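What follows is one structure encoded as structure tokens, with my remarks underneath.
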Amino acid sequence: MELFNLVLKSAFMDNMVFAYFLGMCSFLAVSKKVSTANGLGLAVIFVLTCTAPLNWLIQKNILEEGALSWISPEFATIDLTFLQLLMFIAVIASFVQLVEMIIEKFSPALYGSLGIFLPLIAVNCSILGGSLFMVQRDFNLQEATAFGFGSGFGFYLAIIALAAIREKLKYSHVPNGLKGLGITMLITGLMGLAFKTFIGMTL
Amino acid sequence: MSEVKEKEVVKIKPSESLLSKRRKNILVDPLDDNNPVTIQVLGICSALAVTIKLEPTIVMSLSVVFVMIFSSLLTSLVRDYIPVRVRIIVQLAIIASLVTLVSEFLQAFSYEMYKVLGAFVGLIITNCIILGRLEAYAMGNKPYDSILDALGSSVGYAWIILTVAFFRELLGSGSVLGYKVFEMIGWSGFPTNGLFVDSIGAFIILGLLIWAQRSRNGYVEN
């Protein structure tokens, strides 16, 4: 139940896009059509759900002060936290590359529709942000996984909703300078306002 | 990342002066006509996240300028030795090492500021402007040109986030750099608007800023 609450909280109240502005670049760039937004959203859910627990294991077993004591007690004083950023981004980048290769091998159809988004995900800040927040908030392994999934799901909902609105927007008269990014920012602001109503919701 | 252009490789005459017209263009273009945030739609995440107050925004801009210039220089120096298949990881490793430097520096000399910026210092790594410029420019050009390009792009980024931060702090907290400006000019009842402290204000201010800038230089997105 608590885990479910965490999923809910990270998907709606602490939405990656509206509360922390993470993943904005791909959120804005890939939200022109619902079908492509769907592909990117699913890929983000998958990568976030896998990298959050993976990075949790690295943080607890390698990086933290005293984490290396499982090798030998002499290492108990070593603190490798300064390598955190480098390790996390390496894990994410190589995981994304791995996923890309696996999908290419086993499901060329899926690769065709998802292919271009996969490398983009390595630099999607919501992935690295998810790992960094998970460390900041002191989650355990299950919580980290739930948090990763919830955040990914929140991103998915947000990007689908924005893509749907933008498809409709093609038929409205927008002032020239506001076309494209400008009106999208304003819409995102209004959507953020809507997501604010979820604050305080628990099960 | 999505709007990275074809590689912009330029042939240089050996006798070209340090600030020729072409080089000046590299530097000035991203400030306005080809601004990374408002025209190319890159680096929006951090443009919004740290702009509640002006002071952290200044630190953030300086960090980005630093990381951007040095990562461009380093990438440009080793550009002929990077295998194409692993170039993204190599670029990320260069950026991540520089960001680690910044983060350690802030922890050592300005711990308060480090607490305020929190995870967003680390997120400079995934700032798409940096990776985008490395990929599109530094991978194919000489070090000095790459530095100019990096300087132009990062300053173009900096002035946008400083403007957003100025308005957010002014309207949200009624202050500029922590000074209560409205009380100083004798208007103590200034109604501050909580919406601007919140994320929503940032979206709206940036949206309006983009509108203003694009109507000025006539850029229309299809």
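The values are calculated or read from the model by the stated rules, or taken from the named source; none is laboratory data. Keep in mind it's a predicted model, so treat the numbers as computed, not measured. Heads up, the Cβs are rebuilt from the backbone with ideal geometry, glycines too, and the neighbour counts pull from every protein chain shown. For accessibility, only protein heavy atoms count, side chains too; no ligands or nucleic acids. Shrake-Rupley method; radii C 1.70, N 1.55, O 1.52, S 1.80 Å.
A few points about this structure:
- Heavy-atom surface of the protein assembly as shown, accessible at 1.4 Å and reported per residue (Å²): 46
- For segment A:1-142, the relative contact order is 30 percent, taking Cα pairs closer than 8 Å that sit 6 or more residues apart in sequence and dividing their mean separation by the residue count.
- The protein assembly as shown - charge dipole about Cα centre, Lys and Arg +1 at Cβ, Asp and Glu -1, debye rounded to 20: 1340
- Peptide-level mean, for B:192-199, of C-beta atoms on other protein chains within 10 Å: 3
- Of the peptides A:125-135, B:131-141, the order by per-residue mean of other Cβ atoms within 10 Å, starting with the highest, comes out as A:125-135, B:131-141.
- Dividing the convex hull volume of the alpha carbon atoms of segment B:120-222 by its residue count gives 164 Å³ per residue.
- Model label sites at A:MET101 and A:ASP79, defined 7 Å from Cα along the beta-carbon direction, differ in position by 3.6 nm.
- Partner chain coverage, peptide A:129-139 - average Cβ within 10 angstrom: 2
- Its alpha carbons considered, segment A:119-188 gives a radius of gyration followed by a Dmax of 16.5, 50 Å.
- Helix A:141-169 and the longest principal axis of the Cα set of chain A meet at an angle near 10°.
- Cα shape, the protein assembly as shown, gyration tensor, a/c 1.5 rule: rounded
- Packing around the peptides A:19-26, B:146-153, taken as the average count of other Cβ atoms within 10 Å per residue, puts them in this order, highest first: A:19-26, B:146-153.
- Size of the B/A contact, given as accessible area buried on both chains, probe 1.4 Å, in Å²: 3700
- Cβ crowding within 10 Å averaged over residues, with A:92-105, B:104-117, A:45-58 ranked highest first: A:45-58, A:92-105, B:104-117
- Rounded to the nearest 10 degrees, the angle from helix B:54-77 to the longest Cα principal axis of chain B is 0 degrees.
- Nearest-ten-degree value, helix B:87-109 long axis tilted from longest Cα axis of chain B: 40
- In chain B, Cα pairs under 8 Å separated by at least six residues give a relative contact order of 33 percent.
- One decimal place: the segment A:SER172-A:SER69 gains 30.8 nm when fully extended, by the rule 0.36 nm per residue minus the C-alpha distance.
- Each residue of segment B:154-203 gets 69 Å³ once the volume of the Cα convex hull is shared out per residue.
- Look at the stretch B:87-97: the mean tally of other chain Cβ atoms within 10 Å of its residues' Cβ atoms is 4.
- Relative frequency of Cα-Cα separations exceeding 25 Å in chain B, percent: 44
- In chain B, the portion of solvent-accessible area held by carbon and sulfur atoms comes to 65 percent [1.4 Å probe, whole percent, DNA, RNA and ligands not counted].
- Summing +1 for each Lys or Arg and -1 for each Asp or Glu among the other residues whose beta-carbon sits under 11 angstrom from that of B:ILE69 gives 0.
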